[in-house]
Every structure is written in C-alpha cells, then in structure tokens.
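The values are calculated or read from the model by the stated rules, or taken from the named source; none is laboratory data. None of the values given here were measured: they were computed from a predicted structure. Cβ sites come from the backbone with ideal geometry, for glycine too, and all protein chains shown count toward neighbours.
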Amino acid sequence: MSRIEQGLPKPEGLTVIIPTANEYPQNAFTFQGLFNELENFDAPWEAIIIDNWCPELEAQNREQDKTSKYFQGLIKQGSHSCFSTLV
C-alpha cells in the first residue's frame with residue numbers, strides 16, 4: 001500500500017545515493033533501472049553517484065573503470081535531469 005493510499009503526506013522529494021568503485025558496466029544498469037522506476041515518481045528526485053575510486057584500489061594494481069566517464073557523458077548530454085554532477 002502506497003503512502004498516499006495510507007493517508008500519509010506526499011513525499012517532498014527523494015535522494016538516492018549510489019556509491020560505486022570499479023563496478024562499470026553493472027552500475028550503468030543499476031542507474032537505468034532506477035531511472036525507469038522513478039521517471040514517473042510523483043515528487044522531485046535526484047541521484048547522487050559517488051565514484052569511490054581511491055589510492056587503496058590503485059595500490060592493489062587495479063585499473064580505474066569507466067564509471068566517471070559514463071556518468072559524465074550522461075551529464076553532458078543532459079539526458080537525465082535527475083543529476084548534474086558526479087561526486
């Protein structure tokens with residue numbers, strides 16, 4: 001039963017935080033699924049994608065994946081208005 005059906009107030013908005021470190025392309029599917037579910041959400045929402053690439057991963061000789069490039073590309077295209085920057 002939804003919040004509205006329960007007589008609860010309509011949400012003012014929703015922020016979804018997605019931390020990621022070397023999870024491309026899986027995180028692209030996660031974001032697309034999230035967008036598909038929330039594109040008709042009846043309140044404003046935003047997605048905050050946090051690229052957790054750090055020196056510890058580099059010390060393990062792991063290469064940085066395409067997470068940042070993928071989401072920066074979406075931001076430049078303006079194809080998803082739910083976020084405007086990558087943290």
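Total residues in the range 30-64 satisfying the condition of being of a type outside the set (A, V, I, L, M, F, W, C), part of a helix (DSSP H, G or I) and under 18 Å from the mean Cα position of the chain (by Cα): the figure is 5.
Based on this model, can you work out whether E23 counts as charged (D, E, K, R) and modelled with pLDDT of 85 or more? Taking the combined requirement at face value, the residue does not satisfy it.
Here is a list: N27, N22. Which entry is touching a residue at least 24 places away in the same chain (Cβ under 8 Å) and part of a helix (DSSP H, G or I)? Write out each step before concluding.
Values: N22 fails: part of a helix (DSSP H, G or I).
Result: N27 is the single residue among N27, N22 that is touching a residue at least 24 places away in the same chain (Cβ under 8 Å) and part of a helix (DSSP H, G or I).
Reported count of residues in the range 13-34, each being farther than 16 Å from G73 by Cα and hydrophobic (A, V, I, L, M, F, W, C), is 6. Checking each residue in the range 1-43 for being loosely packed, with under 13 Cβ neighbours inside 10 Å and either of a type in the set (S, T, Y) or touching a helix residue (DSSP H, G or I) at 6+ places or on another chain (Cβ under 6 Å) (or both) picks out S2, T15.
When the range 44-64 is limited to residues that are touching a Leu at 6+ places or on another chain (Cβ under 8 Å) and either surrounded by fewer than 11 Cβ atoms within 10 Å (Cβ to Cβ) or charged (D, E, K, R) (or both), the one that is modelled with the lowest pLDDT turns out to be D51.
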